[in-house]
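Reading through the structure tokens given below for one structure.
The values are calculated or read from the model by the stated rules, or taken from the named source; none is laboratory data. Because the structure is a prediction, the values reported are computed rather than measured. Neighbour counts are summed over all protein chains in view; Cβ atoms, including those assigned to glycine, are modelled from backbone coordinates with ideal geometry. Accessible surface areas use protein heavy atoms only, side chains included; no ligands, DNA or RNA. Shrake-Rupley method; radii C 1.70, N 1.55, O 1.52, S 1.80 Å.
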Amino acid sequence: MRTLKLLALASTAVFAVAGSAAAQTAPGAPGARSTWAYAAKTGVGASYEAYTDGAYKDGGATGVVSKVWFSVADGVLTETMYGLIHQAQIKQMRFAVQTATGLAVEGADTTAKTEYLHVDAAGRPLSPAYKITTTDKQGRFVIEKRIFTDPDRQSLMVRVTVTALKGSVTPYLLLEPHMANTGAGDAGAASKTALTANEGNTFLTLKGSRPFVAASAGFLGASDGLTDLKDGKLDKLYASTGKARGTIMLTGQLPATAQSVSVDYAIGFGKTAADSAAAADGTLKTGYAEVLARYNGEGARVGWEDYLASLSQLPRLRDAAMDGGKLVQASALMLKVQEDRTYAGALIASLSNPWGDTVDASKPSTGYKAVWPRDFYQCAMALAALGDIQTPLAAFHYLPTVQVGRKTKGNTGAGGWFLQKSEVDGTPEWVGVQLDQTAMPIMLGWKLWKQGWLPEAELKAYYARMIKPAADFLVDGGKVGLGWNSATIVPPFTQQERWEEQGGYSPSTTAAVIAGLVVAGDIAELSGDTASAARYRKTADDYSSKVERLMVTTKGSLGDGRYYLRLNSDQDAENKSPVESRNGQDTVAEDKMLDGGFLELVRYGVRRADDPAVLATLPELDDEAVEDLYRVRYSFTFPGVEGSYAGWRRYGVDGYGEDTKTGANYGEIDPLPRGGRGRVWPIFTGERGHYELALAGLNGAPDKAAIDRVRAQYVKGMELFANDGLLIPEQVWDGVGTAPAHGYVRGEGTDSATPLAWSHAEYVKLLRSVSDGAVWDSYAPVRARFAR
């Protein structure tokens, strides 16, 4: 068991200023505009914490519950959270290095490499602890950072080693707090022994194993250390930012060296200055080796090794992988890391803010560090596919937190549906109605029941509490009354489809709704509610009978004219009605907007893989000769890898990405002018792999040759889309239009969001499906009813 010694503290001073190099107060408040950090992470991490009775509580097998998460991008520590998973306290911590030929700053002037600190004999990661190496582009120095959290405290540990390669160098630590999840209201102080910051009742303290040579606190762009260093010297030193608040930077000078210098840093967090200082002190006292061993779970310690060992299906999934199991092991870590540690089971979309380095941070923002029930479902199903029993159960138990009902603050309308997006404590953020997000919690409950993990008595209790209200809404809809939303929902017409942009009849949404109603019938029957069971199944039959009439055109303008529409906004699939403009794109006729969402009908068992309408749509979906605006599929090649690998955009005319002419994105121009372009999403490579597996298994278990084809094209394709930190992005660059200044590479992740939990979930589920020879999240009663 991990242990934490309680430290008695006599002082509760707001700022640690002992040993200050200067007494002045920094001028220039409130400082320059603040943004978040680059969203293409190459590492994210947090400690493994064991549940106690399905919840996170201090005193269990892993001792104190650490509530600290970190991320890495461009070779530097980026958003670091403490408290709830979305509550960022740091934007970034990087180093500037003064050399004989000028100043270099990590990120802009360095290249970066991400490696895992703790791996098995096959090189597979055993914990999300990282070794980050940044190399000066002019070859003057190398910086190595080893980053992980202290699993027994609210703190982060970073071991930094700066090695000079050409002459003497002087390193400077640059810490940019974003306390209380904003970058505009911070105050800070600097001394040779500590850097501190706070906003409200949230405090941060950075301490090192050796003191700084000099330290300074200042306002960004006015009195901060990096601005001071433009003349090559840190000589305008300020002990604090005083009473003013704003966007700040804290700077600490390390000793000059012609060889190397190494320092251990601990960043502690707390509700008081004393608590944050005690956390940092405790981590440094325990020491690098022991903190890392506890984090990893080495020997008798309980940590990440123990979590991976608990995943009963992981060995099979490693065998199914094409990379020896590296990415699936990293995926297991990523999925578990991105769970809140106060609200057990609260699985978020990504530890990032999309295009964060261009997004204003003056007000609190969750970015993707929030709950979408759809992404949530994908993650819970992937964790179940790995053989994790406890986390999917905690996720299922969490779901009432984000279901709309009488308890939902401000709700005056129909209940039973699930919030579009919410903070992990259930606070609504976005209140659009997406019917697939109401169906998927039902589907998850059924799956856990059939796995033998969710007891019948418990499922019956959740039927009355959560599942019946959800299923009733899928049948009846109703008038919504929450926030801006006062629409009347008439299923299966959804107010928003799975990309949250337009309303209509959506194949992907309808697939989930039909599957949700069929399995809700099973749960209702189990619960003795035979009338509702019959009603749910009858409604599913009705919705299924209308799929082709409402969602398939026979007079389309693409290919042979017969294919699934992405979305139909009325009762006529042939009238070429316009789809609402979104994300910097013009309105287009519905028959010109294709996507792969119809494949979800096959995945869930609503249609056979050889269904005529499904087969008829594939040529149009896969046509790479179509104009880029409407084109969905792109093929990629990778250095040193034979063959090409397919990827797909969300849909033709998708504008959720960078402007094709200027390279600008949402953070720079919102809304985008005409020309915004969504890129290729790796999840669709996994979705297509699932379809091809279903097609190969129409007449029984697919043979080895068929499975190997899926592995060689789709499993490997997803692996190739991952970055050097084994993280899979939301989007990869397709090479169309002007690339942003950051320098995108075709087939590699953009600044949208990495890691996307759904991307990792889709990869894990594909491996489980390949291992089983059957689609993991297909539903037997749905297949038996519609896809015989």
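Selection of the stretch 730-753 for residues being outside any loop (DSSP other than H, G, I, E, B) and open to solvent by less than 10 Å² (accessible area, probe 1.4 Å) yields only V732. Of the numbered criteria (1) within 24 Å of Y377 (Cα to Cα); (2) charged (D, E, K, R); (3) in contact with a strand residue (DSSP E or B) (Cβ under 6 Å, 6 or more places away or on another chain), the one D751 fails is (1).
Regarding S155, is this residue closer than 30 Å to E423 by Cα, open to solvent by less than 20 Å² (accessible area, probe 1.4 Å) and touching a His at 6+ places or on another chain (Cβ under 6 Å)? No, not satisfied.
Against the test of being among the aliphatic types (A, V, I, L, M), assigned to a helix (DSSP H, G or I), out of contact with any Gly (no Cβ under 6 Å at 6 or more places or on another chain) and over 25 Å from E687 (Cβ atoms), the options A540, A534, A613 yield a single qualifying residue, A534. Within the stretch 518-530, the set of residues being closer than 14 Å to M466 by Cβ and open to solvent by less than 10 Å² (accessible area, probe 1.4 Å) comprises V519, A520, I523, A524. Anything in the stretch 293-320 that is touching a Lys or Arg at 6+ places or on another chain (Cβ under 8 Å), part of a helix (DSSP H, G or I) and aliphatic (A, V, I, L, M)? List them, or say none. Residues satisfying the conditions are A293, L317, A320. When the stretch 483-517 is filtered for residues that are more than 21 Å from E580 (Cα to Cα) and open to solvent by 10 Å² or more (accessible area, probe 1.4 Å), only G483 remains.
Yes/no matrix, rows are residues, columns are (1) outside any strand (DSSP E or B); (2) open to solvent by less than 10 Å² (accessible area, probe 1.4 Å); (3) more than 27 Å from K479 (Cβ to Cβ):
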| residue | (1), (2), (3) |
| --- | --- |
| T342 | yes, no, yes |
| A349 | yes, yes, yes |
| D357 | yes, no, yes |
| P364 | yes, no, yes |
| A384 | yes, yes, yes |
| P392 | yes, yes, yes |
| R406 | yes, no, no |
| D425 | yes, no, no |
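Only one of the numbered conditions (1) closer than 21 Å to V745 by Cβ; (2) open to solvent by 50 Å² or more (accessible area, probe 1.4 Å); (3) of a type in the set (D, E) is not met by E658, and that is (2). The residues of the stretch 34-59 that are part of a strand (DSSP E or B), in contact with a strand residue (DSSP E or B) (Cβ under 8 Å, 6 or more places away or on another chain) and either among the aliphatic types (A, V, I, L, M) or open to solvent by less than 10 Å² (accessible area, probe 1.4 Å) (or both), listed by number, are A40, G43, V44, G45, A46.
Exactly one residue out of L767, L727, L695 is surrounded by fewer than 24 Cβ atoms within 10 Å (Cβ to Cβ) and either touching a Ser or Thr at 6+ places or on another chain (Cβ under 9 Å) or modelled with pLDDT of 95 or more (or both), and it is L695.
Being farther than 17 Å from G268 by Cβ, charged (D, E, K, R), open to solvent by 30 Å² or more (accessible area, probe 1.4 Å) and over 31 Å from the mean Cα position of the chain (by Cα), is that true of even one residue in the stretch 220-229? Reasoning before the result, please.
As a first pass, look at the stretch 220-229 and keep what is farther than 17 Å from G268 by Cβ: 220-229.
Still in the running and charged (D, E, K, R): 224, 228.
Subset that is open to solvent by 30 Å² or more (accessible area, probe 1.4 Å): none.
Checked the stretch 220-229: no residue is farther than 17 Å from G268 by Cβ, charged (D, E, K, R), open to solvent by 30 Å² or more (accessible area, probe 1.4 Å) and over 31 Å from the mean Cα position of the chain (by Cα).
Scanning the stretch 171-194 for residues that are assigned to a strand (DSSP E or B) and either out of contact with any Pro (no Cβ under 8 Å at 6 or more places or on another chain) or among the charged types (D, E, K, R) (or both) returns P171, Y172, L173, L174, L175, E176, P177, D186, A187, A189, A190.
Would a scan of the stretch 600-621 turn up a residue that is on the phi < 0 side of the Ramachandran plot, among the aromatic types (F, W, Y), modelled with pLDDT of 95 or more and open to solvent by less than 10 Å² (accessible area, probe 1.4 Å)?
Taking the stretch 600-621 first, the residues on the phi < 0 side of the Ramachandran plot are 600-604, 606-621.
Remaining after also requiring among the aromatic types (F, W, Y): 604.
Within this subset, residues satisfying the condition of being modelled with pLDDT of 95 or more are 604.
Filter again for open to solvent by less than 10 Å² (accessible area, probe 1.4 Å), leaving 604.
Yes, that holds for at least one residue.
Consider the stretch 243-264 and keep the residues that are polar (S, T, N, Q) and assigned to a loop (DSSP other than H, G, I, E, B). The one that is surrounded by the fewest Cβ atoms within 10 Å (Cβ to Cβ) is Q259.
Based on what the data block shows, is A197 over 30 Å from V302 (Cα atoms), open to solvent by 30 Å² or more (accessible area, probe 1.4 Å) and not in a loop (DSSP other than H, G, I, E, B)?
Working: over 30 Å from V302 (Cα atoms): yes; open to solvent by 30 Å² or more (accessible area, probe 1.4 Å): no; not in a loop (DSSP other than H, G, I, E, B): yes.
Spelling it out, it is not the case that A197 is over 30 Å from V302 (Cα atoms), open to solvent by 30 Å² or more (accessible area, probe 1.4 Å) and not in a loop (DSSP other than H, G, I, E, B).
When you go through Y645, Y634 one by one, which is the residue that is open to solvent by less than 50 Å² (accessible area, probe 1.4 Å), modelled with pLDDT of 95 or more and over 22 Å from D591 (Cα atoms)? Spell out the reasoning first.
Working: Y634 fails: over 22 Å from D591 (Cα atoms).
Y645 is the lone residue from the list that is open to solvent by less than 50 Å² (accessible area, probe 1.4 Å), modelled with pLDDT of 95 or more and over 22 Å from D591 (Cα atoms).
Of the residues A705, A625, which single one is of a type in the set (G, A, S), free of Cβ contacts under 8 Å to residues at least 40 places away in the same chain, open to solvent by 50 Å² or more (accessible area, probe 1.4 Å) and assigned to a helix (DSSP H, G or I)? It is A705. Report whether or not P128 is open to solvent by less than 10 Å² (accessible area, probe 1.4 Å) and in a loop (DSSP other than H, G, I, E, B). Considered against the rule, which asks whether it is open to solvent by less than 10 Å² (accessible area, probe 1.4 Å) and in a loop (DSSP other than H, G, I, E, B), P128 comes out as yes.
Of R677, R711, R746, all but one fail to be under 27 Å from the mean Cα position of the chain (by Cα), among the basic types (K, R) and more than 20 Å from Y645 (Cβ to Cβ); the exception is R677.
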